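What follows is one structure encoded as structure tokens, with my remarks underneath.
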Amino acid sequence: MKTKSLIHSQKLPAGLEDNGVEFYVSPTTGEIKCLHNGRKYSWGEIPAEILDIVSEDLVRNPDAVKALNDWNIHDGEEMLQQYVFCRFGGFDTEADIDAEGKIEYTEYFECGKRGVCKYEGKVCATIKVADGYLTKRELEVLKLVAQGKLNKEIAVILNISEETVSTHNQNIQRKGGWQKKHEMAAFAISKNLIHL
């Protein structure tokens, strides 16, 4: 019976065995795919009701619409595809669209253009934690903490003082409801902020 209880506590990606949705960008092809109702869909096959939910979310985010237009993306299909790529492209165990059809959060996705994309933070999103969202700098600190860096090493890497690093750590812990750095690191790993 212990095995059964372990199996029930196992966290599976949304859509693998339920009607939630998990979008992801294929690491081999760069194509947007999703899991839903136990099936894997490629971009052109994704059910219309899923795309309608994402489209409604896009409309509720006028900053993202403006950024996509500024990016010279005007075609509706292309807009939606870029929005999904930027906002939901990472693979994790949290539903991008839950079983009730709601988008609860957006995820951090390392698209390869972080830090140089002029639309960063407008189309893509940062990570929502228990009490708010992490800033771009807090994400940088969190990643380095998860890599096992000490405050003094983080200060050198980011060209900031150790006191500032400490303040960022305190803010991250407060926002996330964590007491220790290993809890921060576990969260960062679970959200694919670093690759082991």
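Every number in this text was worked out from the coordinates using simple rules, so none of it is lab data. If you're wondering where the values come from, they're calculated on a predicted model, not measured in any experiment. Neighbour counts are summed over all protein chains in view; Cβ atoms, including those assigned to glycine, are modelled from backbone coordinates with ideal geometry.
Rounded if a/c is under 1.5, else prolate if a/b beats b/c, else oblate: with a ≥ b ≥ c from the C-alpha gyration tensor eigenvalues square-rooted, which is the chain?
Oblate, because a/c is 1.5 or more while a/b does not exceed b/c.
Principal-axis analysis of the Cα atoms of the chain puts helix 48-59 at an angle of about 50° to the longest axis. Relative to the compact-globule estimate of 2.2 N^0.38 Å, the Cα radius of gyration of region 129-190 comes out at 0.99. Cα-based values for region 59-130, radius of gyration first and Dmax second, are 12.3, 36 Å. Dipole magnitude for the chain: computed about the Cα centre from +1 point charges on Lys and Arg Cβ and -1 point charges on Asp and Glu Cβ, it is near 940 debye. By the Cβ rule of 4.7 Å, the chain holds the following cysteines without a possible disulfide partner: C34, C111, C117. Could you work out [θ]222 nm for the chain from helices alone, using -39500 (n - 2.57) per DSSP H run of at least four and dividing by all its residues? Round to the nearest 500 deg cm²/dmol. Taken over the chain, the calculation gives -13000 deg cm²/dmol. Expressed per residue, the C-alpha convex hull volume of region 9-64 stands at 117 Å³. Beyond 29 Å in Cα-Cα separation lie the following of the pairs K33/K191; K11/K118; K102/K136; K128/K180: K11/K118. Between the amide H of V129 and those of L134, distances stay under 5 Å, these residues lying 5 or more places away or on another chain, with hydrogens modeled in the peptide plane.
Note on V156 and T28: the model spin-label points, each 7 Å out from Cα along the C-beta direction, lie 4.1 nm apart.
Amide hydrogen proximity for V123: with H placed 1.01 Å from N in the peptide plane, no residue at 5 or more positions away or on another chain lies under 5 Å. Between N72, N61, N151, the residue with the greatest mean-square fluctuation in the GNM of the chain (Cα pairs under 10 Å linked by springs) is N72. Here the relative contact order of region 129-190, from alpha carbon pairs under 8 Å that lie six or more residues apart, stands at 47 percent. Contact order for the chain, expressed relative to its length and based on alpha carbon pairs under 8 Å spaced 6+ residues apart, stands at 18 percent.
The gain in end-to-end length when the V116 to N19 segment is fully stretched comes to 31.3 nm, 0.36 nm per residue minus the alpha carbon separation. The length gained by stretching the chain between S166 and L51 to full extension, at 0.36 nm per residue less their Cα-Cα distance, is 37.2 nm.
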